[in-house]
Structure formats: C-alpha cells, structure tokens
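Student: For reference, the structure I am asking about is given below.
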Amino acid sequence: MSMKETIERAENHLLHTYNRYPIVFDHADGVRLYDADGKEYLDFCAGIAVYALGYGNKKYEKTLTDQIGKITHISNYYYSEPLAEAAEALTNAAGLSKVFFTNSGAEAVEGAVKAARKYAYNKDGKCDHEIIAMEHSFHGRTFGALSVTGNAHYREPFEPMIGNVRFAKFNDYDSVEKLVSDKTCAIIMETVQGEGGIYPADKEFITKIRKLCDERDILLILDEIQCGMGRCGSMFAFMQYGIKPDIMTTAKAVGCGVPVGAFLVNDKVAASSLVPGDHGTTYGGNPLACTAVATVFKLFEEEKILDNVNKVAPYLEKRLQELVASYDFLVGERGLGLMRGIVFDTGKKSPGDVVKAALSNGLVLITAGSDVIRFLPPLIISEAEVDEMIDKLVTAITE
Ligand SMILES: *Cc1c(COP(=O)(O)O)cnc(C)c1O
C-alpha cells in the first residue's frame, strides 16, 4: 500500500484528535526511522522521549520476545517474576521505597494525586485538600492529570476539573508560597518542564519548595515522565538538585516502547496512603510491561547510557548555542542533558515550519510550547549524529 493510501485509510476511521505529518513509518534501526517508501530519517524525537535505547536493541527485543512466548498478562491478583524484578529495579534506581505500575504517564499522575489526597485525608479526615501545580506544566490528558496541567486551553472545554487546584509560576517561589494554606496536600511539578517549552527548575526554587514541603508536611510530587530515565544526565533529573520527592511519576522511556508508567512513593507516603481497595488497574504491572522495565534498567547499566548522555549533551548544547548565535530569529537555547530546546522569535520564523522542512529533509524534530523546537534524541546518540542533525537543520532553516 502506498503512503497516501495508508493515510487515507487511517483518516477515514481515526477520530481526528491529531494533526499528523503525512508520513507512514515502517521500521527503524538505531537512531534512524524509515518510512514506507524507504526514505531514511535521523530521529531527534525518539517517539517523544520514549526510545532511550534506540531502535532494534537486540537484547531488549529478545527478552521481550521470550516473555511474549511465556505469558504477557496475569492480572494483579497474582505475582510474576518480571513484576518483582521491575519493582526492585525501579525503586532502587529512584531511591524511593514503593512503586505502583500503570499503563501510561497520565495514569501515573492520577495515582500520584490520589496517593497525596489519601495521605492528607488520613491526617485530618477532611475532604477539601488543595494541590498547587505550575503554569505551563503538562501532566497528561485524563481528568486528574489535566486538572494539574497549567494550560487553560487544554482544560477549559472539559471543565469542571477535579477542583481545589491552584496554579503558581514555575521558578517563582513567592508565587507558590502565597498559595499555601492548611489545606495544601501536595505541590506537583515537572523537574524540567517539557511540553511547556523545556524549562529546567532552578536549584534555589526547588530547594526552597522542598523545605516548605518539609515544614508544612506537604507532599512534593515530581513528574519525571519526560525528564527522567537518564535523559537529563542522571537516572532521574531531581538527583542533580540534591533533593528528593515524596512521590515521583515516570513513564515514556521506562518501557522504551512498551506502554508502561509508574508512580513511586517514599516510606512516609507508603505508610499512610493507598491501601487495598483504594486503587487498581487491569493491565498495570503485567509481565510484558515489567519485563520491558527490568530490561531497560539492565541495559542502561550494561550499555553505560548515562555516560553517553553526559558525554554528548555538552556537545549538543554547544552546537545548538552556535546555531542560535548565527540566526537572528533564534533567541535562546536551554535544557538539561539531552532534553534541550531552541527558542524562536516567532514574528520572524515559525518553529512549526522548520519542523516540517526538517522532516522533508530527513530529520525528525518536534516543537514545545509556542516558540520552541525540542531535541529529545535516543540516549545512544553520538557526536557525529549531532553534527549530522545540525547540518540537516541548517538546510531546513535556510530553505
Ligand atoms: C508525556 C507526559 C505525560 C503524559 O504521559 P502519557 O503517557 O502521554 O499519558 C505526563 N507528564 C509529562 C511530564 C509528560 O511529558
């Protein structure tokens, strides 16, 4: 079937919730994608920060294929070896005590918010607790996750939200402190804002938030769904700030292509929040998803993924800064590790147009916020591939 036919067939039946690029991807290898016509693309999107290990990792494929041959689903009435293995690997990697597996990032946020509300409920028996979230944040599309997402445009048509959510300004401590009351049960934020435009938390901001949470027994929920799993140069981004969350969410790269997410809690929350009957999921933590998680952690070690991130990230940063210095319509560069963005003066050039031109030039990129192009390559990317990306991007820009 031609790409055009596939696209028509899909559009005839899919609910139109995405404006997809007119490309049918067929297969992939390493850091490259191939469309149905055989055209090659260098991938600096990685399925939105999912494919950390790159495509076609043989050990990953073999372990998953073997598990498919054994059993993929058993329900949460029983145990499986992959479940035990994944739970151990993830809690150890995050330095948190307990984990609940979900099928997606939004569901991880749902669980985190429920755990925080239950913790507060156990303290005072009240049902009016508040959550402080950040403007320009993104936490997912289900009601709980959407309710703490700081983008009114995403929320408004679906109001009312879950309620009692207040929005503060990211990296503005006073704006958070002003919203704190005796009802505040949690503060939720991404350690590095992704969709909103690649904004890393300031160290001072997050340190003060941690202190505030400690003083008032407010739970700090860090959403590491995009910035975690090595992308920023440490297993989870919060580790570079010298603080720990009470609750953390993960998804995207934690399964490297298999749909899986999780929320993790510290001892304090584990001891007094969700108990049997409070929360559940049919698929969550199934043997296939957990095999993926356990294997991803093994391969991160074996293939020294973090070392590569820390080697290549400064090079990507330097090359992007050079790019920004060469064009008047580029006004900034920011990010952490291999989660980076360049900022456009949108009056002069549209990031969306550049992404389209890059695609036809064999380079996959995505935007963030209204004025940023995001760079989220597979974490196995090399310096030579960064050079190749810059060359393709320059061609796209000058076209
Ligand atoms: C992608 C993302 C989510 C939502 O994850 P889904 O798997 O799409 O539900 C939540 N938070 C952050 C920071 C994300 O980047």
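Student: Confirm whether Tyr34 is free of Cβ contacts under 8 Å to residues at least 12 places away in the same chain and over 20 Å from the mean Cα position of the chain (by Cα).
Tutor: Working: free of Cβ contacts under 8 Å to residues at least 12 places away in the same chain: yes; over 20 Å from the mean Cα position of the chain (by Cα): yes.
When the stated conditions are applied, Tyr34 passes them.
Student: Any chance segment 109-116 includes a residue that's within 11 Å of the ligand (Cβ to nearest atom) and over 22 Å from Ala368 (Cβ atoms)?
Tutor: yes
Student: Check Gly362 against each of (1) among the small types (Gly, Ala, Ser); (2) in contact with a strand residue (DSSP E or B) (Cβ under 9 Å, 6 or more places away or on another chain); (3) open to solvent by 40 Å² or more (accessible area, probe 1.4 Å) and name the one condition it does not meet.
Tutor: For Gly362, the failing item is (3).
Student: Next question, about the same structure. Taking helices (runs of 4 or more DSSP H) that do not extend beyond segment 76-156, which have at least 1 residues that are touching a residue at least 24 places away in the same chain (Cβ under 8 Å)?
Tutor: Numbers: elements: 81-94, 105-124, 143-147, 152-155.
Filter on segment 76-156 gives 81-94, 105-124, 143-147.
Student: Under the condition of being surrounded by fewer than 24 Cβ atoms within 10 Å (Cβ to Cβ) and acidic (Asp, Glu), which residue from segment 230-281 is nearest to the ligand (Cβ to nearest atom)?
Tutor: Result: Asp278.
Student: Here is a further query. List the residue pairs whose Cβ atoms are under 6 Å apart, where the first residue sits in segment 373-399 and is of a type in the set (Ser, Thr, Tyr), the second is at pLDDT 95 or above, and the two are 6 or more positions apart or on different chains.
Tutor: Partner pairs satisfying both residue conditions: Thr395/Asn361.
Student: Is it the case that some residue within segment 306-319 is open to solvent by 40 Å² or more (accessible area, probe 1.4 Å) and among the hydroxyl-bearing types (Ser, Thr, Tyr)? Write out each step before concluding.
Tutor: Taking segment 306-319 and keeping what is open to solvent by 40 Å² or more (accessible area, probe 1.4 Å), we get 306-307, 310-311, 314-315, 317-319.
Those still in the list that are among the hydroxyl-bearing types (Ser, Thr, Tyr) too: 315.
Checked segment 306-319: at least one residue is open to solvent by 40 Å² or more (accessible area, probe 1.4 Å) and among the hydroxyl-bearing types (Ser, Thr, Tyr).
Student: Can you tell me which residue is farthest from the ligand (Cβ to nearest atom) among those in segment 92-104 that are closer than 18 Å to Pro245 by Cα and either touching a Ser or Thr at 6+ places or on another chain (Cβ under 7 Å) or not assigned by TED's automatic domain parsing to the domain that holds Asn286 (or both)?
Tutor: Only one residue fits best here, namely Ser97.
Student: Scanning segment 157-188 for residues that are among the β-branched types (Val, Ile, Thr) and either in a loop (DSSP other than H, G, I, E, B) or without any contact (Cβ under 8 Å) to a residue 60 or more places away in the chain (or both), which turns out most open to solvent (accessible area, probe 1.4 Å)?
Tutor: Within segment 157-188, the match that is most open to solvent (accessible area, probe 1.4 Å) is Ile162.
Student: Go through the residues of segment 182-190 one by one and say whether even a single one is of a type outside the set (D, E, K, R) and away from the ligand (no atom under 16 Å from the Cβ).
Tutor: Yes: segment 182-190 contains one or more residues that are of a type outside the set (D, E, K, R) and away from the ligand (no atom under 16 Å from the Cβ).
Student: I'd like to verify a number: residues in segment 40-63 that are away from the ligand (no atom under 16 Å from the Cβ) and surrounded by fewer than 20 Cβ atoms within 10 Å (Cβ to Cβ), how many?
Tutor: 7
Student: A further question on this structure: Filter segment 340-362 down to the residues that are within 25 Å of the chain's Cα centre (by Cα), without any contact (Cβ under 8 Å) to a residue 24 or more places away in the chain and more than 14 Å from Phe44 (Cβ to Cβ) and list them by number.
Tutor: Ser350, Gly352, Asp353
Student: From the list Leu42, Leu90, exactly one residue is closer than 30 Å to Ser360 by Cβ and of a type outside the set (Ser, Thr, Tyr). Which is it?
Tutor: Within the list Leu42, Leu90, the selection yields Leu42.
Student: Is it the case that some residue within segment 221-229 is touching a Gly at 6+ places or on another chain (Cβ under 6 Å), open to solvent by 10 Å² or more (accessible area, probe 1.4 Å) and in a loop (DSSP other than H, G, I, E, B)?
Tutor: There is at least one residue in segment 221-229 that is touching a Gly at 6+ places or on another chain (Cβ under 6 Å), open to solvent by 10 Å² or more (accessible area, probe 1.4 Å) and in a loop (DSSP other than H, G, I, E, B).
Student: List, please: which pairs have Cβ atoms under 8 Å, are six or more places apart or on different chains, and start with a residue in segment 6-24 that is in a helix (DSSP H, G or I) and end with one that is open to solvent by less than 90 Å² (accessible area, probe 1.4 Å) and of a type in the set (Gly, Ala, Ser)?
Tutor: Close Cβ pairs (under 8 Å, with a partner that is open to solvent by less than 90 Å² (accessible area, probe 1.4 Å) and of a type in the set (Gly, Ala, Ser)) amount to Thr6/Ala36.
Student: Does Ala89 meet the test of being within 16 Å of the ligand (Cβ to nearest atom), in the same structural domain as Asp223 (by TED's automatic domain parsing) and either at positive phi or open to solvent by less than 50 Å² (accessible area, probe 1.4 Å) (or both)?
Tutor: It is false that Ala89 is within 16 Å of the ligand (Cβ to nearest atom), in the same structural domain as Asp223 (by TED's automatic domain parsing) and either at positive phi or open to solvent by less than 50 Å² (accessible area, probe 1.4 Å) (or both).
Student: So how many residues does segment 124-141 have that are near the ligand (Cβ under 8 Å from one of its atoms) and either closer than 12 Å to Val109 by Cα or open to solvent by 70 Å² or more (accessible area, probe 1.4 Å) (or both)?
Tutor: Step one: of segment 124-141, the residues near the ligand (Cβ under 8 Å from one of its atoms) are 137-141.
So of that shortlist, the ones also either closer than 12 Å to Val109 by Cα or open to solvent by 70 Å² or more (accessible area, probe 1.4 Å) (or both) come out as 138-141.
Here the count works out to 4.
The values are calculated or read from the model by the stated rules, or taken from the named source; none is laboratory data. The model shown is predicted, which means the values in this text are computed figures rather than measured ones. Don't worry about glycine lacking a Cβ; one is built from the backbone with ideal geometry, like all the others, and counts go over all protein chains shown. Heavy atoms of the whole protein, side chains included, go into the accessibility calculation; ligands, DNA and RNA do not. Shrake-Rupley method; radii C 1.70, N 1.55, O 1.52, S 1.80 Å.
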